[in-house]
Amino acid sequence: MGLLSKKDLKLITDPLADNNPITIQVLGICSALAITAELKASIVMSVAVLFVMGLGNLTISLMRNIIPPKIRIIAQLIVVATLVIIVDLVLKAYAYELSKTLSVFVGLIITNCIIMGRFEAFALANGPLRSFIDGIGNALGYALILIIVGFFRELLGSGSLLGFKVLGDSIEKTGVYAYGYENNGFMLLAPMALITVGIIIWIQRSRNEALIEDN
Amino acid sequence: MAKNIESNLYTMLFTTGMVVIVGALLAFLSSSLKDKITENKRIEKQQNILYAMGVNENDKNSVIFVSKDKVASEFSKYITKQLVITGTDVVEDDKAYLIDLKKETAAAKIEGYTRRLPLFMGMKDNIQYYIIPVRGKGLWDAIWGYVAVDNQLVVQGVYFDHAGETPGLGSNIKERFFMDDFKGEHFLDGDLFKGISVSKGNSDPKNLDKEDFEVDAIAGSTITGDGLAAMLKKDLKMYLPYLKTIKQ
């Protein structure tokens, strides 16, 4: 890779595994629990966050030397909110249907702590290009977990993936339902999302020595 | 000025500057896109009304409206009359679909104000449809929709939408598997108004019983479902005096 140095590349690969925003930094849990009942919602949210994180980190990084430290959180909040509202308005005017799909996510994006967390931890101290890459990397790490959780919750909770009934029809009793299989309605509720995230953290920690804490 | 970004003066200037810039940017953007957004919303309303009476391009599982460029002609073709009901007064008004239900609900709280109720009459394949707009509260935000009934006051189709119900749970009220269940449902028991409730465990998941005044709920969205049932009950009731005059 000519464009990205090894150090920059690490900014993308790290959040995917060893420094994942959800499982290691424990950021963005609220949205990971709220909207992962379906795979489609997970994907939409991931793409939206990818966009806002990349641009937001870039903007904050460009402004990092002029933001007064005392009010930096407020300044960050204004930047995210402005970005999200601009995107929302433009979509409403030029891609109305897409904006309908995204409308419920707007509030969730603004309050997503991954975004604020990365502004604080990275963009305020690093240059624009590296901040942009860091934003993309963390959004991808977030997306990865969201999609895994969404996949299992929709599969086990509704017996479908992206709306397609992959396990057969639960009412007509076809597919695996013919053998007495039942959907687990509990998977659709937020507590099971937390447990699913917990299982991912458990698997990740047990396989990676560096993450095991001494006690 | 050797930039002292810690100073109070700088902080105040920065805040003021940021507010002015962001405010101006958003105000400019919002006012320049306003016309386009209003137009999109108008088209969407027409699409929703047509959808409820069965004018759509649905495939097996998904909701597909008549396309944007066809909607104006389809709307004038299928929607034969638009009425505004004010108390006992019924007048025709081809802008009735633009009546803002939210504003009407708010205005209805003022003493002496009689609420305007828009109603759309549509004709498709020689069946007369009456399409009733409804609006209520879900779990997080507003929910609304359109209910199409025939002259027996049996539901022939619905369209529901929401401002911010939980994705994957409450947001499913606008999915086919939920909306299609309403087809054929009754909300009147003889002359008695019953409404349609969204109920769990009614041992009728296939929704074969159309006269039980119930449809099957969505798992994990109890409050959205209850809100939807309350919305139907409240708003259909307002139209009842008029609807009874059309029942044959």
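What the table shows:
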{"read-out": "Folded to 0 to 90 degrees: helix A:39-63 orientation relative to chain A principal axis, Cα", "value": "10"}
{"read-out": "Test item: B:207-219 mean partner chain Cβ contacts at 10 Å", "value": "1"}
{"read-out": "Scattering profile of chain B at q = 0.09, 0.14, 0.16, 0.17 Å⁻¹ [log10 I(q)/I(0), Debye over alpha-carbon scatterers]", "value": "-0.47, -0.96, -1.23, -1.37"}
{"read-out": "Spatial separation of Cα centroids for the range A:154-189 and the range B:201-247, in angstrom", "value": "25"}
{"read-out": "Mean projection area, nm², convex hull over Cα of the protein assembly as shown", "value": "29.9"}
{"read-out": "Mean residue ellipticity (222 nm) of chain A, computed from DSSP H runs ≥ 4 via -39,500 (n - 2.57), nearest 500", "value": "-20000 deg cm²/dmol"}
{"read-out": "Full-extension gain in nm, residue B:92 to residue B:62, via 0.36 nm per residue minus C-alpha separation", "value": "7.4 nm"}
{"read-out": "Top of A:161, A:16, A:39 by mean-square fluctuation, Gaussian network on chain A, Cα under 10 Å", "value": "A:161"}
{"read-out": "Cα-projected label distance for residue B:22 with residue A:8, points at 7 Å along beta-carbon direction, nm", "value": "3.0"}
{"read-out": "Per-residue average of Cβ from other chains inside 10 Å of A:180-190", "value": "2"}
{"read-out": "D_trans [Stokes-Einstein, Kirkwood Rh over alpha-carbon pairs] for the range B:100-238, 10 °C, 1.306 mPa s, µm² s⁻¹", "value": "102"}
{"read-out": "Projected-area mean, the range A:24-207, by convex hull of Cα positions, square nanometres", "value": "12.5"}
{"read-out": "Computed FRET value (nearest 0.05) for residue A:178 with residue B:34, which takes r as the C-beta separation and R₀ as 60 Å", "value": "0.65"}
{"read-out": "Packing rank of A:181-193, B:176-188, where each peptide gets the mean count of other beta carbons within 10 Å, highest leading", "value": "B:176-188, A:181-193"}
{"read-out": "Label-point separation, residue B:202 to residue B:128 (7 Å along Cα→Cβ), nm", "value": "2.8"}
{"read-out": "More than 26 Å apart - percent of Cα-Cα pairs taken over the range B:1-121", "value": "50"}
{"read-out": "Cα centroid of the range A:1-43 to Cα centroid of the range B:20-86, whole Å", "value": "37"}
{"read-out": "Shielding by partners, peptide B:20-27 (average Cβ within 10 angstrom, other chains)", "value": "2"}
{"read-out": "Principal-axis tilt of helix A:128-158 within chain A, Cα atoms, nearest 10 degrees", "value": "10"}
{"read-out": "In range of the label at residue B:152: residues from the range B:184-200 whose backbone nitrogen is under 13 Å from the point 7 Å along Cα→Cβ", "value": "B:184-188, B:190"}
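Taken together, the values in this text are just the output of simple stated rules run on the coordinates, not laboratory data. Here the structure is a predicted model, which is why all the values come from computation and not from measurement. Virtual Cβ from ideal backbone geometry, glycine too; neighbours counted across all protein chains shown.
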